[in-house]
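Asks: Can you read through this structure? Questions will come right after.
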Amino acid sequence: MEMEGARVLVVGATGVIGGAIAEECAARGATVLPAGRDPDRLAERARSLGAEAAFAFDAYDLDTCAGLAARAAEVAGGLDAVVVAIGTVAFAPAADLGEEMVEHLFTVNALAPMAVLRGALPVVDEGGAVAAISGVLVDRPQPGMADYGAAKAALSAWLTAVRTEQRRRRVAVLDARLPHLETGFADRAAVGTPPAMPPPADLDTVVRGIVDALAEGAALVLPDGKGGVRAEARAR
């Protein structure tokens, strides 16, 4: 997919990673339509991008999530890509989490991204791409993050199955299993205090890698062990 002139919906564009992805896509000549929860930050992001429209949503409103791509396509005259960069984390042993918190983790990290992309699949043009951020813990589940990891693993499994379903339409389905990044995400945990984290990867390098993978129609983005990421054309 050629980024120059592409129409890209970025859901979670008010966050650190989603905002950086939106700005990188715009810098490469894409028309970016941002979506986010915070209205003030969303308006600011839209101004920064020169976007003709922005879309507010709440992860708990799955019907609105499912309708975001159609709304964006109506404004832009179609869509070439949809990127979902939303999430929340909790740090606690599984036995200490209440069911309400578990539901929260699965809604924000799995059900809402799935709803956005489910609504996007009939809308994204043939040869386009959809993407979501899961995380490296899909491959390496961590104690104290069991339910968060399970929610991200559910999203990753969903993306893997949808990738095969979309092969005929040549719509790439990208699973970005990112390494630890210093974005303040862990410090905003819904529950608990983050454990000692590994040295963070470089945000700008990772974001460039994600957008490269989106343009290439890659299946996976994985840590490269050097502070960045690498793309794989086929899922493992």
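Asks: For residues that are touching a strand residue (DSSP E or B) at 6+ places or on another chain (Cβ under 6 Å) and of a type in the set (A, V, I, L, M, F, W, C), scanning just segment 156-177, find the one that is farthest from VAL102 (Cα to Cα).
Replies: VAL171
Asks: Would you mind stating whether ALA131 is in contact with an Asp or Glu (Cβ under 9 Å, 6 or more places away or on another chain), part of a helix (DSSP H, G or I) and surrounded by 24 or more Cβ atoms within 10 Å (Cβ to Cβ)?
Replies: On the way: in contact with an Asp or Glu (Cβ under 9 Å, 6 or more places away or on another chain): yes; part of a helix (DSSP H, G or I): no; surrounded by 24 or more Cβ atoms within 10 Å (Cβ to Cβ): yes.
So ALA131 fails the test.
Asks: Starting from residues that are assigned to a helix (DSSP H, G or I) and among the small types (Gly, Ala, Ser), keep the ones in segment 1-27 and report whichever is surrounded by the fewest Cβ atoms within 10 Å (Cβ to Cβ). Let's see the steps before the verdict.
Replies: Residues of segment 1-27 assigned to a helix (DSSP H, G or I): 16-27.
Add one more test, that the residue is among the small types (Gly, Ala, Ser), and what stays is 18-20, 22, 26-27.
Working: GLY18: 24, GLY19: 23, ALA20: 22, ALA22: 33, ALA26: 19, ALA27: 13.
The residue in question is ALA27.
Asks: From the list VAL124, VAL136, VAL191, which one is out of contact with any Cys (no Cβ under 6 Å at 6 or more places or on another chain), modelled with pLDDT of 95 or more and buried (at least 16 other Cβ atoms within 10 Å of the Cβ)?
Replies: Values: VAL136 fails: modelled with pLDDT of 95 or more; VAL191 fails: modelled with pLDDT of 95 or more.
After applying the criteria, what remains is VAL124.
Asks: Is it the case that some residue within segment 79-94 is aromatic (Phe, Trp, Tyr) and free of Cβ contacts under 8 Å to residues at least 60 places away in the same chain? Spell out the reasoning first.
Replies: So in segment 79-94, the residues aromatic (Phe, Trp, Tyr) come out as 91.
Those left that are additionally free of Cβ contacts under 8 Å to residues at least 60 places away in the same chain: none.
Scanning segment 79-94 turns up no residue that is aromatic (Phe, Trp, Tyr) and free of Cβ contacts under 8 Å to residues at least 60 places away in the same chain.
Asks: With respect to LEU174, determine if the residue is in a helix (DSSP H, G or I) and under 18 Å from the mean Cα position of the chain (by Cα).
Replies: Spelling it out, it is not the case that LEU174 is in a helix (DSSP H, G or I) and under 18 Å from the mean Cα position of the chain (by Cα).
Asks: How many of the residues making up segment 42-95 are aromatic (Phe, Trp, Tyr), closer than 23 Å to ALA26 by Cβ and out of contact with any helix residue (DSSP H, G or I) (no Cβ under 6 Å at 6 or more places or on another chain)?
Replies: Residues that pass the stated criteria total 0.
Asks: Yes or no: ASP175 among the acidic types (Asp, Glu), within 14 Å of VAL130 (Cβ to Cβ) and in contact (Cβ under 8 Å) with a residue 12 or more places away in the chain? Can you show your working first?
Replies: Working: among the acidic types (Asp, Glu): yes; within 14 Å of VAL130 (Cβ to Cβ): yes; in contact (Cβ under 8 Å) with a residue 12 or more places away in the chain: yes.
The answer is yes for ASP175.
Asks: Across segment 58-87, what is the number of residues that are within 15 Å of the chain's Cα centre (by Cα), more than 24 Å from GLU4 (Cβ to Cβ) and part of a helix (DSSP H, G or I)?
Replies: Residues meeting the conditions: 2.
The values are calculated or read from the model by the stated rules, or taken from the named source; none is laboratory data. Everything quoted here is computed from the prediction, not taken from an experiment. Glycine also receives a Cβ, built like all others from the backbone with ideal geometry; neighbour counts cover every protein chain displayed.
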